[in-house]
Amino acid sequence: MTDQSTALRDQISQLQLQAVADQQTLNELRDDLRQQAADIGALEDMLAFYRAVLAPEEVDVPAVIRPPELVKLDDTSRWRLSVVIHRSEEGDAVYRGQLSVIVRGEGPGEPVLSTLGEVDSATTSGVFPLRFRYLQELQVVISLPEAFLPETIESVVTLTGPVRRTLRRSDRWQDLVNSGHGAQL
């Protein structure tokens, strides 16, 4: 009986080890599936973006200002704003002009804007050069003064070539934060 009970204990021990290994494998597979689902979601978002660029809904304007993305940086007063401008007309002419970003709100002081590559040389004018054939993304760091409550972000594109046109887009700050585009880095 002892040989049989020893054999049964060994078998139970092996089955327990196998169950632990199976559980680890199952957890790894679930993690992989979650990551793949996130990757697929990101690819679907990218596909929707490029479809909008290739077949824009607004055909009466030469370029389109996409909804901006707002991401909170490491401290409470700094945000990264990403703005994408793309052509809405066929052709391959190079568009030139400038993007003006204006943060409106309540409180003392003015927000300071700078391109991410030029954080040291901040500009309070909020004017950035544009030059693109199909699309251009600009990333801007917004440093808010203490006690300043932002309300809107206004994006103004002034095209100077090959066509002259001014395009405007205004977004409520809180809408950008609530849309998931206000995530923290």
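What the table below lists for this structure:
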| quantity | calculated |
| --- | --- |
| Residue within segment 84-91 that is modelled with pLDDT of 90 or more, outside any loop (DSSP other than H, G, I, E, B) and either closer than 29 Å to residue 165 by Cα or over 17 Å from the mean Cα position of the chain (by Cα) (or both) present | yes |
| Test: residue 150 is modelled with pLDDT of 90 or more and more than 15 Å from the chain's Cα centre (by Cα) | no |
| Pairs with Cβ under 7 Å, 6+ apart, first in segment 140-153 and closer than 17 Å to residue 83 by Cβ, second among the acidic types (Asp, Glu) and surrounded by fewer than 20 Cβ atoms within 10 Å (Cβ to Cβ) | 152/171; 153/171 |
| Lone qualifier among 114, 179 - being assigned to a strand (DSSP E or B), at pLDDT below 85 and either within 20 Å of the chain's Cα centre (by Cα) or not assigned by TED's automatic domain parsing to the domain that holds residue 70 (or both) | 114 |
| Residues of segment 127-153 that turn out to be out of contact with any Asp or Glu (no Cβ under 8 Å at 6 or more places or on another chain) and in a strand (DSSP E or B), as a count | 16 |
| Single residue of 94, 103 found to be within 30 Å of residue 148 (Cβ to Cβ), in contact (Cβ under 8 Å) with a residue 24 or more places away in the chain and of a type outside the set (Gly, Ala, Ser) | 103 |
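The values are calculated or read from the model by the stated rules, or taken from the named source; none is laboratory data. Keep in mind that what you see is a predicted model, and the values were worked out from it rather than measured. Note: ideal-geometry Cβ built from the backbone for every residue, glycine included; neighbour counts use all protein chains shown.
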